[in-house]
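The values are calculated or read from the model by the stated rules, or taken from the named source; none is laboratory data. All values derive from a computational prediction rather than experimental measurement. No Cβ is skipped: glycine too gets one built from the backbone with ideal geometry, and neighbour counts run over all protein chains shown. Just the protein is used for accessible areas: all its heavy atoms, side chains included, with ligands, DNA and RNA removed. Shrake-Rupley method; radii C 1.70, N 1.55, O 1.52, S 1.80 Å.
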Amino acid sequence: MADKICSQLCNMLSDDEKILPVIVQVNDNLMEEDEKMILQAGGTVKSKLSIINSYGAELTVKAIKDLIANPRIKKIYYDGEVQAI
């Protein structure tokens, strides 16, 4: 399942209660059930990123660990600040 979590996020998964900003990418197109799945895991959906089949969300570490078992989840990325060099 580690292949479903970006390497940067893997280093942040020690505290199950910590809330992290993430991008949850799903297989195929966005479906209403995907958003419900995030909400049922205790997450908050911040945005829909349909062009990349993803949701911007805030999830606890425990919710991230639970969601990666779902076959609809393609990958979960840390939604951190990006800076040009």
May I ask you to list the GluC sites (Glu not before Pro) in the chain that are in a DSSP loop and have at most 10 other Cβ atoms within 10 Å of their Cβ? 17, 81
Can you compute the charge dipole magnitude of the chain about its Cα centre, using +1 on each Lys and Arg Cβ and -1 on each Asp and Glu Cβ, nothing else charged? Give it in debye, rounded to the nearest 20. 120 debye
Return one whole number: the accessible area per residue of the chain in Å², for a 1.4 Å probe. 63 Å²
Roughly to the nearest percent, how much of the accessible area of the chain is carbon and sulfur, given a 1.4 Å probe? 50 percent
Which percent, nearest 5, of DSSP beta bridges in the chain are antiparallel? 95 percent
Suppose only helical runs count, i.e. DSSP H with n ≥ 4. What mean residue ellipticity at 222 nm does that imply for the chain under -39500 (n - 2.57) per run, divided by all residues and rounded to the nearest 500 deg cm²/dmol? -5500 deg cm²/dmol
